[in-house]
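Asks: Following this message is one structure expressed as structure tokens.
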Amino acid sequence: MPRDPRYDILFEPVKIGPKTARNRFFQVPHASGMTNAAPHVRAAFREMKAEGGWSVVSTGACSVHPSSDDTPFPCATLWDQADLRSHALMTEAAHRQGALAAIELWHGGAAAVNRNTRHAPLSPSGVPWMATHVGFMSSARPRVMDATDIRDLIRWHAEAAVMAERAGFDILYVYAGMGYLPYQFLLSDYNHRTDEYGGSVRNRVRLVEQLIDAVREATHGRCAVALRLSMQELRGRPSEVAPSEAHEVVTHLKDAPDLFDVKMDYSATDCAASRYTPEGSHEPVIDFLKRITDKPVVGVGRFTSPDTMVSMIRKGVLDFIGGARPSIADPFLPKKIEEGRVEDIRECIGCNICISSWHDGAWVRCTQNPTAGEEWRRGWHPEVVRRDGKGQVLVVGAGPAGLESALTLARRGYEVALADKAQEFGGRLRWESALPGLNQWHRVVDYRMGQLRKMANVSLYPASDLSAQDVRDFGADHVVVATGARWLPHLCGANELPSGLLVGPRVYTPDDLAAGVVPEGPVAVFDYDNYYLGSAISEHLVGKGCTVTYITTAGAAAAWGFMTNEQPLVHQSFAKKGITLRTLEVVTGFDGDELRLAQIFSGEERRIAVRSLVIVGYRAGGSDLFDALSDGMPGDRLHLTGDANAPGAIVHAVYQGHKTARELGLTAAQTQPRRDAPFALRDFQMPEAAE
Ligand code: ADP
Ligand code: SF4
């Protein structure tokens, strides 16, 4: 189908200093968890985006010197010639697909406490960067930079720029955002200096200006220089000569870089979870740039709608549509718009599992795109599977795992029958996506159902509660069982292990609520699962008119939610909705009127009066259907996947469903991930040095 002419503007080429981007889709720097230790993995991950039509693909933060060591976070480096080799693999991959390659030169200053390299952290004025609430604390405090340190910092950027050009990068970033060193110079909270780098805004931008000049001079103007700025705090600061300090900063720098990349200051607002933040949430902070500068501007906002993208350009907010998460969820987003296949876009759901992977120190994972991070290791392409399927597969259960299995199997060419006992497909997402803030998560179902409905080799069987005999009678060549997991009302015992089942009046699990139970209030929600569901259920019950007390074994609500940037917003929401928060406690008993609790460390007993208890704790997998079928059906024809195989988050179910479908009918040897010296830089030619 030809593309909608309304979207033509998105495919115009745009000049960035000496370089030209082929269209307006710009994959901005984002954490991928892929360090120099995995250069092939990283190159393949980014090449996929270039193949999918992004005109610029960028690295994540790339340290310019050992005094910026982000351990335990995975971080790329450009410290020496050996590092250069690992990056060149990615620039070659980007260029092969017609994209420009950008590198984000990074110095973390006080935010990088150099746990491995043991350098004293650097800062403008000795002010530490703390993030107590997200658990990334350190006992180290930074030292104050003197004039030599500042000269060194500028030189390190220049040296890194030379190496970056040699590695093949087209666009070199100076990074003054997200609490990192150049940003700390911009903000008076961090910068108390009395020399020419402190005091007035003019003085505070001096370092950034010098970094831009140094990078440009080091590469003799051959590379484009981008400036990444966090604007949230500065926009809130009054200025005597401009609407805000952000305006003043941009006015001073308006001609300095070839491109402005503008964003928020904190991970929770910059990479905000869709649960609390809509698409395009950066706009009120970054909307003024183009009124001040003639340089192109890129910004993000979890854009997946081409209409919103076009409006960002037409309104004069952005020149480039920046994408981090949308480019992970669908590397082929630009191509799909270009080819008039907007309905095929696998839209990011804003769950932030991707950022949690970085917090975990792992390669990026994505709920919507199970192939993310597996492009090289397993050779998975998000749009292409081998078309070798022969025969029929019955997939039982149409939750995230069953849907993904069915889709991938159908793409392989199998005749696919997908059955679910429910009238609506979607599994756990039927109910969960109706909880407050989680409606965008239903995109996991929408995308897959949209694709499945278009395929001639797929038959859908809703309202089909299949017994083992039904499955046998159906007679498919293969059966994939994706029947999900069950929540159980276990208490939480010693060492936070699930202990005995709590039996009694008005004790519920999420499955009861999903089945339509509305508990009598006041309700206690006891959460030792500690991801999103306990807090979402609490918010849901407030909406039903219940008084809610949320109790957790952890020190904060939705304790694992700090990994997905949700936790601060959960606390704000609890405060707004009047949900009482009790931490570091376990439930020890409930008689229908009185809930008994114990402090997890001291064992001190407490009692509160509630009428109902919802336990969000332990989920059990397994499948009676699978067990019954195992008796008589050969293992290579029967497959257990998703939560029924191992209960987890939706990302795990989708991944397992995909893997089951990719591997079905193949031998172990055919599906081995690459292990042959996976990180070695074989067959690699060192690029020539530039003049
Ligand atoms: P996952 O996250 O692994 O995809 P879900 O719990 O989201 O698991 O989905 C499992 C789906 O399986 C549910 O929609 C449920 O209705 C369906 N299901 C469970 N048992 C059967 C069965 N015997 N026949 C058909 N569908 C089933
Ligand atoms: Fe979007 Fe979630 Fe994928 Fe991240 S993990 S890109 S937020 S769908």
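The values are calculated or read from the model by the stated rules, or taken from the named source; none is laboratory data. This is a predicted model, so every value here is computed, not measured. When we count neighbours, we look across all protein chains shown, and the Cβ atoms used for this are built from the backbone with ideal geometry, even at glycine. Areas reflect the complete protein model, heavy atoms only, side chains present, ligands, DNA and RNA absent. Shrake-Rupley method; radii C 1.70, N 1.55, O 1.52, S 1.80 Å.
A quick yes/no check of all residues on (1) under 24 Å from the mean Cα position of the chain (by Cα); (2) of a type in the set (A, V, I, L, M):
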site	(1), (2)
GLY198	no, no
ASN203	no, no
ALA226	yes, yes
MET231	yes, yes
GLU245	no, no
LYS263	yes, no
GLY280	yes, no
LEU289	no, yes
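Asks: Determine if the stretch 44-63 includes at least one residue that is among the hydroxyl-bearing types (Ser, Thr, Tyr), farther than 30 Å from GLY109 by Cα and within 26 Å of the chain's Cα centre (by Cα).
Replies: Initially, the stretch 44-63 is screened for residues among the hydroxyl-bearing types (Ser, Thr, Tyr), giving 55, 58-59, 63.
Then keep just the ones that are farther than 30 Å from GLY109 by Cα; that gives 55.
Still in the list and also within 26 Å of the chain's Cα centre (by Cα): 55.
Within the stretch 44-63, one or more residues are among the hydroxyl-bearing types (Ser, Thr, Tyr), farther than 30 Å from GLY109 by Cα and within 26 Å of the chain's Cα centre (by Cα).
Asks: Count, please, the residues in the stretch 367-403 that happen to be within 16 Å of ligand 1 (Cβ to nearest atom) and in contact with a Ser or Thr (Cβ under 9 Å, 6 or more places away or on another chain).
Replies: Summing the residues that are within 16 Å of ligand 1 (Cβ to nearest atom) and in contact with a Ser or Thr (Cβ under 9 Å, 6 or more places away or on another chain) in the stretch 367-403 gives 9.
Residue-wise test of (1) closer than 24 Å to GLY198 by Cβ; (2) part of a helix (DSSP H, G or I); (3) among the charged types (D, E, K, R).
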site	(1), (2), (3)
ALA82	no, yes, no
SER86	no, yes, no
MET90	no, yes, no
ALA120	yes, no, no
PRO128	yes, no, no
SER139	no, no, no
ARG155	yes, yes, yes
ALA160	no, yes, no
PHE169	no, no, no
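Asks: Then there's this: Within the stretch 243-254, how many residues turn out to be over 18 Å from LYS295 (Cβ atoms) and not acidic (Asp, Glu)?
Replies: 2
Asks: Tell me which residues, restricted to the stretch 518-550, are open to solvent by 10 Å² or more (accessible area, probe 1.4 Å) and more than 20 Å from ARG275 (Cα to Cα).
Replies: VAL518, GLU520, GLY521, PRO522, TYR528, GLY545, CYS546, THR547, THR549
Asks: Please state which one of VAL310, VAL384, VAL317 is over 30 Å from PRO74 (Cα atoms), open to solvent by 10 Å² or more (accessible area, probe 1.4 Å) and either within 11 Å of ligand 2 (Cβ to nearest atom) or among the aliphatic types (A, V, I, L, M) (or both).
Replies: VAL310
Asks: Picking from ALA410, ALA406, ALA422, which residue would you name as being within 14 Å of ligand 1 (Cβ to nearest atom) and either touching a Gly at 6+ places or on another chain (Cβ under 8 Å) or open to solvent by less than 10 Å² (accessible area, probe 1.4 Å) (or both)?
Replies: Just one listed residue meets the conditions, ALA406.
Asks: For LEU581, state whether it is buried (at least 20 other Cβ atoms within 10 Å of the Cβ) and assigned to a strand (DSSP E or B).
Replies: no
Asks: Separate question: All but one of (1) modelled with pLDDT of 95 or more; (2) crowded, with 16+ Cβ neighbours inside 10 Å hold for ALA515; state the number of the condition that does not hold.
Replies: ALA515 satisfies every listed condition except (2).
Asks: Among the numbered criteria (1) at pLDDT 95 or above; (2) over 33 Å from the mean Cα position of the chain (by Cα), which single criterion is violated by PRO634?
Replies: Here PRO634 meets the rest and fails (1).
Asks: Turning to a different aspect of this structure: For the stretch 334-360, what are the residues that are more than 13 Å from the chain's Cα centre (by Cα) and open to solvent by less than 30 Å² (accessible area, probe 1.4 Å)?
Replies: Within the stretch 334-360, PRO334, LYS336, ILE337, GLY340, ASP344, ILE345, ARG346 qualify.
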